[in-house]
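The values are calculated or read from the model by the stated rules, or taken from the named source; none is laboratory data. No experiment lies behind these values; they were computed from the predicted model shown. Cβ placement follows ideal geometry from the backbone for every residue including glycine, while neighbour counts extend to all protein chains displayed.
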Amino acid sequence: MKKEQNKDSKIGIMGGTFDPIHYGHLVAAEGARHHFGLDVVVFVPAARPPHKGMREITDPAHRLNMSVLATASNPNFEVSDIEIKRRGTSFTIDTVNYFHQTWPQSAIYFITGADAVLEILTWRRVNELLDLCSFIAATRPGYRLENLAGSLNGLPPGYIDKISVMEVPALAISSTDIRDRVRREMPVKYLLPEEVENYIYEKGLYLD
Ligand code: NAP
């Protein structure tokens, strides 16, 4: 994004591991763009998300390349390597701070999966984060909203209104399932853009 533009604009930051990016993510981003009137949605693949367990995540360069391939055809989508360049654990507060400082007039919306938002009380400097941006929690069909409501109870008054929930039926697709399918030589066609599918096979990702 150009620094001189976007005064008073609305910026969506799509945060995730994107291992790999799939149509669920793209539909969620486009839905958020439309519903919240966002001018742009910037996909920010995490270098190392804070709450990851033992699973080895794919090289950030591959996840970045797949994000670029997947979003190239949408003029309202961009990809940022800010977290990958920063290396180490990717704390959302650092990313949102960067966007806020670069585009101080803009309203920022951080979009991610509801299961990640569920743990927001444990995120680094969560109050400051919610002062700087709104959250859009994308849920899969059948998601139990009371899970989210329960975990947000501990937020200070006023902050809860800064978190919106958006049901995204296409999020029935999941990165975990795609990795598993590739490993088992099952088809992944129509679950993710063809360019990303080809990239996965060319680079031999998710085989073990
Ligand atoms: P995750 O555990 O990999 O994902 C949790 C769930 O949300 C999964 O079902 C995942 O589905 C879905 N999901 C992830 N990103 C999504 C997106 N952008 N749109 C729709 N669904 C999405 O989550 P994560 O990648 O570790 O964390 C998500 C984001 O929150 C990252 O940007 C991460 O840096 C941030 N985060 C920050 C902190 C912190 O600052 N302390 C702590 C935790 C997370 P798929 O597997 O299909 O994507």
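Observations on the model:
- Some residue of the stretch 117-124 being among the hydroxyl-bearing types (Ser, Thr, Tyr) and more than 10 Å from the ligand (Cβ to nearest atom): no
- Qualifying position, being within 13 Å of the ligand (Cβ to nearest atom), in contact with a helix residue (DSSP H, G or I) (Cβ under 6 Å, 6 or more places away or on another chain) and either touching a residue at least 12 places away in the same chain (Cβ under 8 Å) or aliphatic (A, V, I, L, M) (or both), among Ser134, Ser90: Ser90
- All of (1) surrounded by 13 or more Cβ atoms within 10 Å (Cβ to Cβ); (2) over 13 Å from the mean Cα position of the chain (by Cα); (3) within 12 Å of the ligand (Cβ to nearest atom) hold for Tyr98 with one exception: (3).
- Residues that are among the charged types (D, E, K, R) and touching a residue at least 12 places away in the same chain (Cβ under 8 Å) were ranked within the stretch 160-176; the one that is farthest from the ligand (Cβ to nearest atom) is Lys162.
- Taking the stretch 28-79 as the range and being in contact with a Ser or Thr (Cβ under 8 Å, 6 or more places away or on another chain) and either part of a loop (DSSP other than H, G, I, E, B) or farther than 22 Å from His100 by Cα (or both) as the test, the residues that pass are Asp39, Ala46, Ala47, Arg48, Pro49, Pro50, His51, Lys52, Ile57, Arg63.
- Test: residue in the stretch 37-48 that is surrounded by fewer than 16 Cβ atoms within 10 Å (Cβ to Cβ) and either modelled with pLDDT of 95 or more or among the acidic types (Asp, Glu) (or both): yes
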